[in-house]
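To start, the structure itself, in C-alpha cells.
The values are calculated or read from the model by the stated rules, or taken from the named source; none is laboratory data. These numbers were taken from a predicted model, which means no experiment stands behind them. Ideal geometry is used to build each Cβ from the backbone, glycine not excepted, and the neighbour counts take in all protein chains shown. The area values use the complete protein model at the heavy-atom level, side chains included, leaving out ligands, DNA and RNA. Shrake-Rupley method; radii C 1.70, N 1.55, O 1.52, S 1.80 Å.
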Amino acid sequence: MFQDRYPRETLDDLLGPAGGWRPFPDIADRDAWEGLREQPGRWAQAQRICDWAAAHADDGWPAISARMIMRFARHGDRLTFERAFFARRNRLARLTLAACITDDGRHLEDIVDGIWHICDEASWCDCAHYHFPIPPRRPPELLPRQDRPIVDLFAAETAMVLAESCALLAPRLDAISPAIRERVARECRARVFEPILAYDDWFWWDGHHNWSTWIAGNALGAAGYLLDDHAADRELTWRLLGVLDRYLARYGEDGGCDEGTMYWGVAGGYLLRVLELLHARSRGAIDLYGVPKIANMGRYLLSSYLGNGRFGPFADCDPAGILPAERIWRYGERIDEPQLINLALRIIHGADGLNGDIATPMEFFGEDMMSMLRLLWWVDWERSPEPVQAPLDSWLPSIQVMSARSHSADGEGLVLCAKAGHNTENHNHNDVGQFVLTLDGAPALIDVGVGSYTAQTFGPGRYEIWCIGAQGHAVPVINGHRQQAGPGFGYKMDAARDVHALEPWFVSRDVAYERTADGAVFRLDAAPCYDPAAGVERLVRRLVFDRAAQSLRLEDEIAVNAGPLTVELPLLSPLPVAQVQQGELQIDCGGCVLAVAYDPAQLTCRLEPVPLSDPKLTNAWGSQLTRMVFTASSETARLGYAIAFKRR
C-alpha cells in the first residue's frame, strides 16, 4: 500500500530535507508555549506537568544495574528492571515539557544528566527482549553487549524520546554544549538506524504484530528529527514502509485487531502515529486516511466498546488499561468519526471513572513524551465529553468478534461481546467462544485479562497461567480436557503476497453471525480447539441476544466420540453473586440485577471465590472474583444445556 502509492523515487520530493523535522514548537518559541494559556483546560494540564516536575525535582535518576538485568534470565522478573528503565524515560519527558512550558532553566542540567544516563546504558532493549534470537544472530546471553545492538520496541522508543526531547530543547541544550545533541544522534544511529539498514530478518520485519508499527513509528520519528544523511533517511523510510505494508496486509478490511483493544494503542494507534508523521513530513502529500481498511482500524475501538471506558478485553489486555486519547482524538479527526472524538474526550476528562490527568505516571511504558506532547497540542481541551454512541451491533469477520447492545448510549443497557477465532492469535489466550456481558456499564461477566508480565508469560508455561489458559475463560472443560493452544507461533510463506501468513492451529469452525430484527445470533463450533485426545467431535455454542428483552441465551451442544460425558463451564464476575433459588443466580450490578437462569435438571452450579493478588488484576477487579461453575453430565456421548441471562 505505502510502497505502491509512494514509490522510492518519489520520496525525495515528498519528504523534504533529511533531519531537522519540527512538528512542534521548540522552547524558544515563547509565543506558542505561552499561548497554551488561551485554553484553560489545556493550561491546567500544562500546570499539572510543571507541578509534577517541581515535586520530583530532587528525585534523581533511577539506577540500572547488571543484577536487575540478570533477574529476568535467572528468576523471570522483568518488572524490577522495567520500573527503573521506564522511569528514566518518563522523568526525562516530564522535565522536558516542564522546561518548555516555563523556560526558567530550573530543570535543564537535570535533563542533561538524564540524557547522559540513557546514552550510557549498555542496551536500550528490554531485558525480556534481549533473549530473543534477533539478528545479528548469536545465542542469547545473560547481559547485553554493545557489539550486538538489538532493535526491539523500547530501543526504538528510547530513540524517539531522546530525539523529541533534544528537538524541543535544542537552543538551550546547545547553549550548554553541542556535544549533548551530537551524542544523542550518534547513539541513535548506532543503536537503531544502522541496524535497521543493515538487517532485514528482524523478528518484527514480516509485519505480523504490533512490534512492526511500534518500532516503525518510533524509528521513523527519531530519524525525522536526527538523521541528516539524505540517502540513509530515504532508505530507512523505504524499508520501514515495506514493514508497514506487510503489517497492513495481514489485517482484514474490517480493521479488527486480534491483539485486543489494549494493544490497539501500539498497533492501529501506532499506525496513526506513522500516518501523522508522514503526513507532516510530506506537508499533507502522503495521506492514507481515506483507505477504508485504515479508517476501520480506528473504528475498531467503537466495535469493541462496552461502555464506561471498558472494552471487549480479549487477548493480553490490561483489564484496567487506559487507551491513548491523543491517538483516538486524531484518528477521529482524520476519518471524520465524531464518536472516536467523544471517546477521547471521555478519557482525557476522566469521565466514567477513567483517569484523565495526563500528568499521571505511566509506569510500564516510556510513552510519556509522545503522548503528553500530543495531548497538549492536538486535543481541544475546551470541548466537553458527550456519551459515546456505539453501534448497536457489529461483526468483525477477520477476527470473528461480535458485539451487540440493547442501547447505543454509553453505559446503558445490556452489552455482549464474544469471539470465535483460533488459539494461535497474537497475544493469544485459549478462549474460542469466550464472551463478556455488561449491564448499565457494570461488568457482570468478565474476561479477567492478563496479569503482570514475567518470563512465564511468553515462555513454555504460558498457558499454565490461569488467566491466559482456558481455565480462566468461559469455555467448557470436557471430560477433564481444556482448550489448547497451537504448538507455537507458526508462519508459512504466502508466495502470492510475499508476506508471512499465520498458519492457525486449534481454530473454530462453522462460524456464523446473523443480525436479526430483535438482536443478533452468534454460532461457532469450538471442537477443533481441543486436543484430539479429548475426542470432542462437536462443541456448538450459540449465543442469542435479544435487544428488547435485554437478555442473552447461551446454548452449548457437545458430542464426544465415546461416552459418558462430563462438562464444566466456568463464568467469572467481579460483582456479588447469590444463589436465590434452585436454578437461579443473581449478579448485583449496583442498582440493577442480572438474573442467571438454568435448568437444574440439566446443570448444577457451585460458587467459588477467586482471590486476586497480582496488582494489575486487583487494580481492575479488586481482591476477589466469584467463579460460577456449571456442571453437566450424561451417560451418552452427547448433551446440551442452556443458560439465560436477563435484566431483572
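The table below gives the values:
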| read-out | value |
| --- | --- |
| Cβ-Cβ under 7 Å pairs, at least 6 apart or on other chains, region 193-212 side modelled with pLDDT of 95 or more, far side acidic (Asp, Glu) | LEU197/GLU235 |
| Boolean, GLY224 is assigned to a helix (DSSP H, G or I) and either touching an Asp or Glu at 6+ places or on another chain (Cβ under 7 Å) or surrounded by fewer than 24 Cβ atoms within 10 Å (Cβ to Cβ) (or both) | no |
| Residue in region 283-297 that is farthest from the chain's Cα centre (by Cα), counting only those that are modelled with pLDDT under 95 and not hydrophobic (A, V, I, L, M, F, W, C) | ARG283 |
| Test result for GLY20, surrounded by fewer than 17 Cβ atoms within 10 Å (Cβ to Cβ), among the small types (Gly, Ala, Ser), under 27 Å from ILE118 (Cα atoms) and modelled with pLDDT under 95 | yes |
| Unmet requirement for LEU79, which otherwise passes all of (1) over 22 Å from TRP211 (Cα atoms); (2) touching a residue at least 60 places away in the same chain (Cβ under 8 Å) | (1) |
| Some residue of region 501-523 being open to solvent by less than 40 Å² (accessible area, probe 1.4 Å), within 25 Å of THR636 (Cβ to Cβ) and touching a helix residue (DSSP H, G or I) at 6+ places or on another chain (Cβ under 9 Å) | yes |
| Members of region 273-292 that are more than 30 Å from TYR453 (Cβ to Cβ), touching a residue at least 12 places away in the same chain (Cβ under 8 Å) and assigned to a helix (DSSP H, G or I) | LEU278, ALA280, ARG281, PRO292 |
| Filtered residue count, region 597-648, keeping only those that are in a loop (DSSP other than H, G, I, E, B), open to solvent by less than 40 Å² (accessible area, probe 1.4 Å) and closer than 25 Å to SER406 by Cβ | 0 |
| Among residues of region 127-161, those that are modelled with pLDDT of 90 or more and not in a helix (DSSP H, G or I), counted | 2 |
| Single match in VAL450, VAL432 (criterion: open to solvent by less than 20 Å² (accessible area, probe 1.4 Å), aliphatic (A, V, I, L, M) and farther than 30 Å from ARG648 by Cα) | VAL450 |
| Hits in region 303-342 - residues which are buried (at least 22 other Cβ atoms within 10 Å of the Cβ) and hydrophobic (A, V, I, L, M, F, W, C) | LEU306, PHE311, PHE314, ALA315, CYS317, ALA325, ILE328, TRP329, LEU340, ILE341 |
| Among residues of region 461-487, those that are modelled with pLDDT under 90 and open to solvent by less than 30 Å² (accessible area, probe 1.4 Å), counted | 3 |
| Any chance ARG186 is under 19 Å from LEU272 (Cα atoms), open to solvent by 10 Å² or more (accessible area, probe 1.4 Å) and not in a loop (DSSP other than H, G, I, E, B) | no |
| Flag if GLY265 is outside any loop (DSSP other than H, G, I, E, B), open to solvent by less than 10 Å² (accessible area, probe 1.4 Å), modelled with pLDDT of 90 or more and out of contact with any Ser or Thr (no Cβ under 7 Å at 6 or more places or on another chain) | no |
| Pair list, Cβ under 9 Å, 6 or more apart: region 608-637 residue at positive phi, other residue surrounded by 14 or more Cβ atoms within 10 Å (Cβ to Cβ) | GLY622/PRO574; GLY622/LEU612 |
| From the options ALA44, ALA28, ALA55, residue that is open to solvent by 30 Å² or more (accessible area, probe 1.4 Å), closer than 30 Å to CYS125 by Cα and not acidic (Asp, Glu) | ALA55 |
| Helices (runs of 4 or more DSSP H) wholly inside region 51-124 containing at least 1 residues that are aliphatic (A, V, I, L, M) and farther than 24 Å from MET370 by Cβ | 66-75 |
| Residue check for GLY563: in a loop (DSSP other than H, G, I, E, B), modelled with pLDDT under 95, under 32 Å from the mean Cα position of the chain (by Cα) and surrounded by fewer than 20 Cβ atoms within 10 Å (Cβ to Cβ) | no |
| Single unsatisfied condition, LEU445 versus (1) in contact (Cβ under 8 Å) with a residue 24 or more places away in the chain; (2) open to solvent by 10 Å² or more (accessible area, probe 1.4 Å); (3) under 18 Å from LEU612 (Cα atoms) | (2) |
| Residue in region 165-173 that is hydroxyl-bearing (Ser, Thr, Tyr) and farther than 30 Å from ASP245 by Cβ present | yes |
| Scope region 166-209; condition at negative phi and under 25 Å from the mean Cα position of the chain (by Cα); matching residues | VAL192, ILE196, ASP201, TRP202, PHE203, TRP204, TRP205, ASP206, HIS208, HIS209 |
| Failed condition for HIS481, given (1) out of contact with any strand residue (DSSP E or B) (no Cβ under 7 Å at 6 or more places or on another chain); (2) farther than 30 Å from GLN339 by Cα | (1) |
| Any hit, region 381-402, residues being at pLDDT below 90, among the aromatic types (Phe, Trp, Tyr) and more than 30 Å from ALA32 (Cβ to Cβ) | no |
| Complete set of residues in region 5-42 that are assigned to a helix (DSSP H, G or I), of a type in the set (D, E, K, R) and either within 19 Å of ASP228 (Cβ to Cβ) or in contact (Cβ under 8 Å) with a residue 12 or more places away in the chain (or both) | ARG5, ARG8, ASP12, ASP13, ARG30, ARG42 |
| Checking GLY255 against (1) within 16 Å of the chain's Cα centre (by Cα); (2) open to solvent by less than 10 Å² (accessible area, probe 1.4 Å); (3) farther than 20 Å from PHE311 by Cα, the condition it does not meet | (3) |
